[in-house]
Amino acid sequence: MGGSILAALEGVYKNYAMGDAEVRALDGVSFAIGEGEFVSIMGPSGSGKSTCMNLIGCLDHPSSGAVFINGVETSRMKAGELARLRNRTVGFVFQQYHLIPGMTVLENVMLPLRYRGLPPRRRRELALAVLERVGLSDRLKHRPRELSGGQKQRTAIARALVASPALILADEPTGALDSETGRSVIDLFGEINSRGTAVIIVTHDPEIGKRARRRITLRDGKITGDTAAAADDTAAADTAAGIEQKRDSRLVFGGESFA
Ligand SMILES: Nc1ncnc2c1ncn2[C@@H]1O[C@H](COP(=O)(O)OP(=O)(O)OP(=O)(O)O)[C@@H](O)[C@H]1O
Ligand SMILES: [Mg+2]
């Protein structure tokens, strides 16, 4: 696992009331996401993947159990504090893009910076830089309906990245794209991750799932697989010196990829 813990669920249950009945969307889920991790979440429809993402992103509250962001339990925070933390820590990418139709690409990407108290010129600079990174410098004045699916998703990724969050949450980001465009979007997530941002991708596509270094599987609201647990066993068998060495080489690699 990467450096310090960015987000964690501990013994989380999530029930939805449906008339007289109750749907248990999450049934005792625990996992932690470290800095710089690249994680996929897979599982059948209705297994609780989106529910997990919404909890990690503080868009929803657990019925019981705890959600931690940067080590702080979110139920202990005031609404304003939580909104600020979310804005700074987490970027969201959705299957259906959720771009604002009346705004240009550039305006959509500048939007999350509006609440930062940055001068407009600085907001524009940051948005232009991130749009260049996703290959959209030639589409700044287009509106969402004038973009291809892949370009819409790149705009949404730029919007998620512009505030430099430590963690990007992407819920089926390639679900509405053809497979080639989907692959290029996944390559982009790989590139983003190689520069140090943690990425969690929910996907139905096993090929995409395999690209992630760590894979979590859900079924009926329970975790049925987490490759990090296996990696921990291996690490425990290593000597302390060996682990230290691995950590060093990872730091050097990280340093190079930032250059
Ligand atoms: N707002 C809600 N009200 C009632 N039930 C809900 C609500 N949101 C989700 N559920 C139920 O919780 C369960 C988990 O839903 P969730 O959206 O997390 O599944 P998912 O794994 O993301 O599925 P998919 O792959 O289809 O997106 C499902 O049975 C769903 O019907
Ligand atoms: Mg879902």
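Quick rundown of the values:
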| quantity | calculated |
| --- | --- |
| Some residue of the range 68-76 being β-branched (Val, Ile, Thr) and without any contact (Cβ under 8 Å) to a residue 40 or more places away in the chain | yes |
| Answer from Gln96, Gln151 - the residue that is of a type outside the set (Gly, Ala, Ser), part of a loop (DSSP other than H, G, I, E, B) and surrounded by 12 or more Cβ atoms within 10 Å (Cβ to Cβ) | Gln96 |
| Top-ranked residue in the range 61-77 [being surrounded by fewer than 18 Cβ atoms within 10 Å (Cβ to Cβ) and part of a helix (DSSP H, G or I); ranked as farthest from ligand 1 (Cβ to nearest atom)] | Arg76 |
| Flag for Arg145 being more than 22 Å from the chain's Cα centre (by Cα), at negative phi and not in a loop (DSSP other than H, G, I, E, B) | yes |
| Subset of the range 173-221 that is surrounded by fewer than 22 Cβ atoms within 10 Å (Cβ to Cβ) and on the phi > 0 side of the Ramachandran plot - its residue that is farthest from ligand 2 (Cβ to nearest atom) | Gly196 |
| Candidate set from the range 189-200 (those that are closer than 19 Å to Arg88 by Cα and not charged (D, E, K, R)); member that is farthest from the chain's Cα centre (by Cα) | Gly196 |
| Test: residue in the range 22-37 that is within 24 Å of Ile208 (Cα to Cα), within 16 Å of ligand 1 (Cβ to nearest atom) and not aliphatic (A, V, I, L, M) | yes |
| Residue under evaluation Val67, criteria (1) touching a helix residue (DSSP H, G or I) at 6+ places or on another chain (Cβ under 9 Å); (2) within 16 Å of ligand 2 (Cβ to nearest atom), criterion not met | (2) |
| Which listed residue, of Leu147, Leu169, Leu188, is within 16 Å of ligand 1 (Cβ to nearest atom) and of a type outside the set (S, T, N, Q) | Leu169 |
| Residue list for the range 100-122, filter: at pLDDT below 95, assigned to a helix (DSSP H, G or I) and either hydrophobic (A, V, I, L, M, F, W, C) or surrounded by 17 or more Cβ atoms within 10 Å (Cβ to Cβ) (or both) | Leu111, Pro112, Leu113 |
| Of all residues making up the range 211-228, the number that are more than 16 Å from ligand 1 (Cβ to nearest atom) and without any contact (Cβ under 8 Å) to a residue 24 or more places away in the chain | 1 |
| From Arg154, Arg139, residue being without any contact (Cβ under 8 Å) to a residue 40 or more places away in the chain, of a type outside the set (Gly, Ala, Ser) and either touching a Gly at 6+ places or on another chain (Cβ under 7 Å) or farther than 19 Å from Val105 by Cα (or both) | Arg154 |
| Among (1) in contact (Cβ under 8 Å) with a residue 12 or more places away in the chain; (2) more than 16 Å from ligand 2 (Cβ to nearest atom); (3) not in a loop (DSSP other than H, G, I, E, B), the one test that Met53 misses | (2) |
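Matching residues to (1) closer than 24 Å to Arg114 by Cβ; (2) assigned to a helix (DSSP H, G or I); (3) within 16 Å of ligand 2 (Cβ to nearest atom):
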residue	(1), (2), (3)
Ala8	no, no, no
Tyr16	no, no, yes
Ser40	no, no, yes
Gly46	no, no, yes
Leu59	yes, no, yes
Arg88	yes, yes, no
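The values are calculated or read from the model by the stated rules, or taken from the named source; none is laboratory data. Please read all numbers here as calculations on a predicted model, not as lab measurements. Here Cβ is always computed from backbone atoms with ideal geometry, including for glycine, and neighbour counts include all displayed protein chains.
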